[in-house]
Amino acid sequence: MSAPVWTVKDTLEIFSRPFNDLLFEAQSVHRQQHNPNALQASTLLSIKTGSCSEDCAYCPQSSLYDTGIERERLLSIEEVRTAALNAKQQGATRFCMGAAWRNPTDKDLDNVIDMIAEVQSHQLETCVTLGMLTPRQAQRLADVGLDYYNHNLDTSPEFYGEIITTRDYQDRLDTLQNVRAAGIHVCSGGILGMGESRQARAGLIVQLANMQPQPESVPINLLVQVEGTPLFGTPELDPIEFVRMIATTRILLPKTYIRLSAGRESMNDAMQALCFHAGANSVFFGEKLLTTPNPDTEHDLQLFDRLGISLEAQVNH
Ligand code: SAM
Ligand code: DTB
Ligand code: SF4
């Protein structure tokens, strides 16, 4: 049987169902494919912070906005090792390294490849997010055994131009295609709370759901509003709408790991519990995202315990 081709209309129909019907369907799909009481945990590290040339309206690391973030040099291997060991000790199974680049140079990639090898030596899965990649660069990352590449579509093709002008949607799709062709697992999702419509939310899900194969990992971020960025002051998103997004993503991408990503700091425990019920089954774990705070590890562990949720076990390579 060939995979369904989703339209925005079909997706909006699901998205807009009565909340209890939507959640029941999402939870039913979720249980067919996943352990409903387990979460995969990844820890983030910014290996190169600030002074990015791009104009992403949400991002504190763009050089075009005055957000008080200082440019930092590329971290050393020792700094990466310390952070990776700490993440593993806390219970993360994957270590994700992010760089504030439009794209890496080949020299940048040499350094990142050494970092990936270091993280792998501690039996952690690896993920990097470095901006756009050429087919050759993606192949180099595949050759070193990188597990996941994160590159977000961020929103629908139609709303995208309101958020980023320095590269277009097709550039992002091309990078994802290069990652897929190299045989690396694809991690791609987006951000809610940027002033987008429900149609734009559905439009993002359709892009992800119609990829063949679908991405293995989809991060759904709630905008972290940072003073100085153009999106600072955007009206807050209704939490119920965010839960609908998770549930609809779960229904259209049944096998994918859906990550409740940035923005957990501003969510209460009940909202996070609803997101896990709606099908979110991975989180960023550890007290910092790239430049902004994430919930305390202790608080997270207590929340998971209250919900009877366990962290997925460490993987042995
Ligand atoms: N520079 C690379 C790129 O843009 O592809 C990699 C790092 S970039 C910070 C990774 C992703 O973080 C972005 O695509 C965006 O989805 C997310 N992000 C950045 N700032 C955010 C914010 N303030 N709130 C929520 N998500 C954010
Ligand atoms: C993703 O979708 N969210 C993460 C990760 N992929 C790289 C990044 C969130 C960044 C939030 C703002 C910050 O901390 O700078
Ligand atoms: Fe640069 Fe990535 Fe931030 Fe965009 S999201 S400004 S590309 S660091």
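The values are calculated or read from the model by the stated rules, or taken from the named source; none is laboratory data. No experiment lies behind these values; they were computed from the predicted model shown. All Cβ positions, even for glycine, are placed from backbone atoms using ideal geometry, and neighbour counts span all protein chains on display. The protein model used for the area step is the full one, side chains on, heavy atoms only, and it has no ligands, DNA or RNA in it. Shrake-Rupley method; radii C 1.70, N 1.55, O 1.52, S 1.80 Å.
Could you please find all residues in segment 214-236 being touching a strand residue (DSSP E or B) at 6+ places or on another chain (Cβ under 8 Å) and under 23 Å from TYR257 (Cα atoms)? Scanning segment 214-236 gives PRO215, GLU216, SER217, VAL218, PRO219, ILE220, ASN221, LEU222, LEU223.
Filtered by the rule that a residue be in contact (Cβ under 8 Å) with a residue 60 or more places away in the chain, buried (at least 17 other Cβ atoms within 10 Å of the Cβ) and farther than 26 Å from SER121 by Cβ, segment 280-308 gives ALA280, ASN281, THR291, PHE304. Scanning segment 204-250 for residues that are β-branched (Val, Ile, Thr) and out of contact with any helix residue (DSSP H, G or I) (no Cβ under 8 Å at 6 or more places or on another chain) yields a count of 3. For segment 206-252, the set of residues classified as of a type in the set (A, V, I, L, M, F, W, C) and more than 15 Å from ligand 2 (Cβ to nearest atom) consists of VAL206, ALA209, MET211, LEU237, ILE240, VAL243, ALA247, ILE251, LEU252, listed by residue number. For segment 218-233, a residue qualifies if it is more than 16 Å from ligand 3 (Cβ to nearest atom) and either over 23 Å from PRO60 (Cβ atoms) or open to solvent by 20 Å² or more (accessible area, probe 1.4 Å) (or both), and exactly one does: GLY233. Would you call ALA262 open to solvent by less than 40 Å² (accessible area, probe 1.4 Å) and more than 16 Å from ligand 1 (Cβ to nearest atom)? Against the criterion (open to solvent by less than 40 Å² (accessible area, probe 1.4 Å) and more than 16 Å from ligand 1 (Cβ to nearest atom)), ALA262 does not qualify. Go through the residues of segment 98-108 one by one and say whether even a single one is in a strand (DSSP E or B), within 15 Å of ligand 1 (Cβ to nearest atom) and touching a Gly at 6+ places or on another chain (Cβ under 6 Å). Checked against the condition, which is being in a strand (DSSP E or B), within 15 Å of ligand 1 (Cβ to nearest atom) and touching a Gly at 6+ places or on another chain (Cβ under 6 Å), segment 98-108 yields no hits at all.
Quick check on ILE246: is it in a helix (DSSP H, G or I), farther than 13 Å from ASP154 by Cβ, aliphatic (A, V, I, L, M) and within 15 Å of the chain's Cα centre (by Cα)? Yes.
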